[in-house]
Amino acid sequence: MKIGFVGLGNMGAAIAANLVKARHEVLVWNRSAAKAKPLTDAGAVLAASPKAAAAGREAVITMLADDAALESVVSGDDGILAGLDQGALHISMSTIAVATAEGLAAQHRAHGQRFLCAPVFGRPEAAAAAKLFIAAAGEPADLKTAKPIFEAISQRVFEVGTTPSLANLVKLCGNFMILSSIEAMAEAMTLAEKGGVAKAKLLEVLTGSLFDAPIYRTYGGILVEERFKPAGFAAPLGLKDMRLAAQSADTLRVPMPLLSLLRDHLLQTIAVEGEEIDWSGIARTVAKNGGL
Ligand code: NAP
């Protein structure tokens, strides 16, 4: 397929590389052009703007940090809306607000373009191994168009509904649950360590019995080895996601007291440890609060 790819950060670079590997014709654009070098070495072509990355393509994929970054590459004279052909598809993979996805869907509709949301679960290592999980929502015909793309980058696609923004709601719920699991593990590990049980031993017992799930195994290992830098998923991005989840909770009138606690722990972690720490670095805050 002829694909445009906009946003070559930790996730985007790995996803785009798999599309090149699967022999799709990929045009890439990134704000810092230097990050495109490994991809152009592998066979992708550098576009001069998001507009150029979208023009003449069957689909353009965006994988940007946040809502503002996505909006900046979509709108304006050099943006995707200006470049994408009528009937061509924008696949938004960033974790963004439900309201932002709703606004984008309307803008593309007004331009005669198609739009679907396909945010992903999995860290950069999973993206590099083409093992992402995708929560996708959009019209059936659009999901069908995206199928060869999804096949090249993921291990499973979950179709969530025909309204694109619903995929973002699922993604935000998922990230809330991931950080809740990290917080719970960090508190339990701090308790165990202070009481004389190594956190590696605690993790071995729990993942070997009742907590045998990827989230506990992946993040448990990170917590045991304190692999918080370099960040696979930076704490400020996690903070963004808790804010977006809180926006939906406000809109839908759902009290989420645990979400408020997680947001505060992330803020404290960023304030003390700096912007570069992984979001699982909240474990350091929990440990310090426990006197470790
Ligand atoms: P990242 O490494 O920080 O990359 C962010 C990307 O956004 C870069 O391409 C960056 O360009 C671009 N960007 C930021 N601000 C911009 C702006 N104002 N204008 C244009 N481009 C801008 O982030 P990531 O980890 O790849 O995450 C990307 C998305 O995936 C986020 O929505 C995140 O929540 C989601 N996600 C991440 C993970 C994970 O584990 N990392 C997992 C699932 C989902 P530059 O290179 O020029 O800075």
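The values are calculated or read from the model by the stated rules, or taken from the named source; none is laboratory data. Treat the numbers as computed from the prediction; the structure is a model and nothing was measured. Positions of Cβ are backbone-derived with ideal geometry, glycine not excepted, and every protein chain shown enters the neighbour counts. Accessible surface areas use protein heavy atoms only, side chains included; no ligands, DNA or RNA. Shrake-Rupley method; radii C 1.70, N 1.55, O 1.52, S 1.80 Å.
Could you tell me how many of the residues in region 21-63 are surrounded by fewer than 22 Cβ atoms within 10 Å (Cβ to Cβ), of a type in the set (A, V, I, L, M) and outside any strand (DSSP E or B)?
Final tally of qualifying residues: 8.
Of the numbered conditions (1) in contact (Cβ under 8 Å) with a residue 40 or more places away in the chain; (2) touching a strand residue (DSSP E or B) at 6+ places or on another chain (Cβ under 6 Å); (3) open to solvent by 40 Å² or more (accessible area, probe 1.4 Å), Ala99 fails exactly one; give the number of that condition.
Only one criterion is unmet by Ala99, namely (2).
Starting from region 251-273, keep only residues that are of a type in the set (D, E, K, R), then list their pairs with residues that are not in a helix (DSSP H, G or I) whose Cβ atoms are within a distance under 9 Å, requiring at least 6 positions of separation or different chains.
Glu273/Phe228; Glu273/Lys229
Please work out if Gly291 is away from the ligand (no atom under 16 Å from the Cβ), in contact (Cβ under 8 Å) with a residue 24 or more places away in the chain and either surrounded by fewer than 18 Cβ atoms within 10 Å (Cβ to Cβ) or not in a helix (DSSP H, G or I) (or both). Full working, then the answer.
Numbers: away from the ligand (no atom under 16 Å from the Cβ): yes; in contact (Cβ under 8 Å) with a residue 24 or more places away in the chain: yes; either surrounded by fewer than 18 Cβ atoms within 10 Å (Cβ to Cβ) or not in a helix (DSSP H, G or I) (or both): yes.
Answer is yes for this residue.
Report whether or not Ala118 is buried (at least 22 other Cβ atoms within 10 Å of the Cβ), of a type in the set (Gly, Ala, Ser), out of contact with any Ser or Thr (no Cβ under 6 Å at 6 or more places or on another chain) and outside the structural domain of Val26 (by TED's automatic domain parsing). Before the answer, list the steps.
Values: buried (at least 22 other Cβ atoms within 10 Å of the Cβ): yes; of a type in the set (Gly, Ala, Ser): yes; out of contact with any Ser or Thr (no Cβ under 6 Å at 6 or more places or on another chain): yes; outside the structural domain of Val26 (by TED's automatic domain parsing): no.
Against the criterion (buried (at least 22 other Cβ atoms within 10 Å of the Cβ), of a type in the set (Gly, Ala, Ser), out of contact with any Ser or Thr (no Cβ under 6 Å at 6 or more places or on another chain) and outside the structural domain of Val26 (by TED's automatic domain parsing)), Ala118 does not qualify.
Based on what the data block shows, is Pro140 touching a residue at least 40 places away in the same chain (Cβ under 8 Å), surrounded by fewer than 17 Cβ atoms within 10 Å (Cβ to Cβ) and assigned by TED's automatic domain parsing to the domain that holds Ile91?
Working: touching a residue at least 40 places away in the same chain (Cβ under 8 Å): no; surrounded by fewer than 17 Cβ atoms within 10 Å (Cβ to Cβ): yes; assigned by TED's automatic domain parsing to the domain that holds Ile91: yes.
Judged against the criteria, Pro140 is not a match.
Taking the condition open to solvent by 40 Å² or more (accessible area, probe 1.4 Å) and either part of a loop (DSSP other than H, G, I, E, B) or among the charged types (D, E, K, R) (or both), does Leu267 pass? So that I can check it myself, show each step before the final result.
Values: open to solvent by 40 Å² or more (accessible area, probe 1.4 Å): yes; either part of a loop (DSSP other than H, G, I, E, B) or among the charged types (D, E, K, R) (or both): no.
Judged against the criteria, Leu267 is not a match.
Anything in region 235-258 that is outside any loop (DSSP other than H, G, I, E, B) and more than 16 Å from the ligand (Cβ to nearest atom)? List them, or say none. Full working, then the answer.
So in region 235-258, the residues outside any loop (DSSP other than H, G, I, E, B) come out as 235-252, 257-258.
Hits for region 235-258 are Ala249, Asp250, Thr251, Leu252, Pro257, Leu258.
For the structure I just gave you, tell me whether Lys171 is basic (Lys, Arg) and within 16 Å of the ligand (Cβ to nearest atom). It would help to see each step written out before you state the result.
Working: basic (Lys, Arg): yes; within 16 Å of the ligand (Cβ to nearest atom): yes.
Criteria met by Lys171.
Go through region 2-20 and count every residue that is near the ligand (Cβ under 10 Å from one of its atoms), small (Gly, Ala, Ser) and part of a helix (DSSP H, G or I).
3
Of all residues in region 71-95, how many are in a helix (DSSP H, G or I), among the aliphatic types (A, V, I, L, M) and without any contact (Cβ under 8 Å) to a residue 40 or more places away in the chain? Quick ask: steps written out before the conclusion?
Initially, region 71-95 is screened for residues in a helix (DSSP H, G or I), giving 71-74, 80-83.
With among the aliphatic types (A, V, I, L, M) added as a condition, the list becomes 73-74, 80-82.
Imposing the further condition that a residue be without any contact (Cβ under 8 Å) to a residue 40 or more places away in the chain reduces the set to 74, 81-82.
Summing the residues that are in a helix (DSSP H, G or I), among the aliphatic types (A, V, I, L, M) and without any contact (Cβ under 8 Å) to a residue 40 or more places away in the chain in region 71-95 gives 3.
What about Ile182, is it β-branched (Val, Ile, Thr) and in contact with a Phe, Trp or Tyr (Cβ under 9 Å, 6 or more places away or on another chain)?
Details: β-branched (Val, Ile, Thr): yes; in contact with a Phe, Trp or Tyr (Cβ under 9 Å, 6 or more places away or on another chain): yes.
In short, yes.
Please pick out the residue among Gly161, Gly208 that is of a type in the set (Gly, Ala, Ser), more than 16 Å from the ligand (Cβ to nearest atom) and within 30 Å of Arg109 (Cα to Cα). So that I can check it myself, show each step before the final result.
Numbers: Gly208 fails: within 30 Å of Arg109 (Cα to Cα).
Step by step, each of Gly161, Gly208 is checked, and only Gly161 is of a type in the set (Gly, Ala, Ser), more than 16 Å from the ligand (Cβ to nearest atom) and within 30 Å of Arg109 (Cα to Cα).
Among the listed residues Ser180, Ser209, which satisfies the condition of being outside any helix (DSSP H, G or I) and of a type in the set (Gly, Ala, Ser)?
Values: Ser180 fails: outside any helix (DSSP H, G or I).
Result: Ser209 is the single residue among Ser180, Ser209 that is outside any helix (DSSP H, G or I) and of a type in the set (Gly, Ala, Ser).
Within region 55-90, count every residue that is more than 11 Å from the ligand (Cβ to nearest atom) and within 25 Å of Ala249 (Cα to Cα).
0
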